[in-house]
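As structure tokens, the structure follows; a few thoughts come after it.
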Amino acid sequence: MYGTSMNFPGGIVGELERVSRELEALFGQPGSAQGIRASATGAFPPINIGTTPSSTEVFVFAPGVDPAKVDVVLDKGVLTISGERVDDVPVETEKLSVFRRQRFHGKFRRAITVPEDVDAEQVKATYRDGVLTISLKRTAAAQPKRISIV
Amino acid sequence: MSDKQLATVAGSDTPAIQPRIDVFEDATGITLLADVPGANPESLELKVEGNNLTLEATVATTLPNDLESIYAEVRVPRYRHTFELSRELDAEHIDAVLKDGVLKLRIPKLAHAQPKRIAIQLG
């Protein structure tokens, strides 16, 4: 991939990169049906979800946000993550030119459904290096148990 | 249950995501902000080769060993981007700060390239 001249004044190069990113997101999507609350491609913050036998793990890629200002709410099986990313790019003036603005700035909200067997008392959220990790443990009754044969 | 780091595979042909960036320029240099959530200073590499600046970072978030992915919008745990630096930039004095997954690079302009007001002397 060729390097990009930093002095190129945004415009078509930025647009082509945005299109290629969206194509990558589109063709990379899993083939299965998306949840009804699934966002359009390119939503901020991107989310990955995984499961272990004892929990559901949600990874929210939200760099540069203040965790104290992010709300994580679990209500009736829907996990909602909302907050705001403050705009840290200065305003363009005659002394300052802004060449590229691809990062998301402003309020965001993502909502996902979680399995019914989540133990609402045992939800842990940690924020590290821009990734908000939400660990939703399943209730003890819902965890798989090995049954030994006597 | 022990945790493991995401595998870090070397090689510039390894798939990587182009991080979203903001770039702005003032009289003394260029500032670049890149979203690289999951990267920490140990997993970030900055290289200057000739006129090219390359940033490469891996997502260092620890994952449970028995984690099975069921939905992924971030499909590759690696970021990479290469920039061509124009000659008035001082690539030897790049300042880099990585905090909460945001990389801020400050690339100053060479002293002789900074705008100078030229005094007009009356002859």
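What follows is calculated from the coordinates using simple rules that are stated; it is not laboratory data. What you are looking at is a predicted structure, and each value in this text was computed from that prediction instead of being measured. All Cβ positions, even for glycine, are placed from backbone atoms using ideal geometry, and neighbour counts span all protein chains on display.
For the pair B:Lys104 and A:Arg109, a Förster radius of 22 Å applied to the C-beta separation gives a FRET efficiency near 0.25, rounded to the nearest 0.05.
Would you work out if chain B is rounded, prolate or oblate? Take a ≥ b ≥ c from the square roots of the eigenvalues of the alpha-carbon gyration tensor; rounded if a/c is under 1.5, else prolate when a/b is larger than b/c, oblate otherwise.
Details: a/c = 3.47, a/b = 2.99, b/c = 1.16.
Verdict is prolate for chain B.
With the highest mean first, a sort of the peptides A:115-121, B:116-122, B:37-43 on other beta-carbon atoms found within 10 angstrom per residue produces B:37-43, A:115-121, B:116-122.
Give me the inter-chain shielding for A:43-52: mean count of other chain Cβ atoms within 10 Å, whole number please.
Values: counts 1, 2, 5, 7, 4, 12, 5, 9, 7, 7.
Partner-chain Cβ atoms within 10 Å, mean over residues of A:43-52: 6.
Straight Cα distances below 18 angstrom link B:Lys104 to the lysines B:Lys47, with same-chain residues fewer than 8 positions distant left out. The lysines whose alpha-carbon is closer than 25 Å to the alpha-carbon of B:Lys116, local same-chain residues fewer than 8 away aside, are A:Lys95.
Take peptide A:125-137, look around each residue's Cβ out to 10 angstrom, count Cβ atoms belonging to other protein chains, and average those counts. Intermediate results must be reported in sequence, preceding the final value.
Working: counts 0, 0, 2, 8, 16, 14, 9, 1, 4, 0, 1, 0, 0.
The shielding value for this peptide is 4.
Straight-line reach from A:Lys107: which lysines fall under 19 Å, measuring Cα to Cα and dropping same-chain residues less than 8 apart? Filter leaves A:Lys69.
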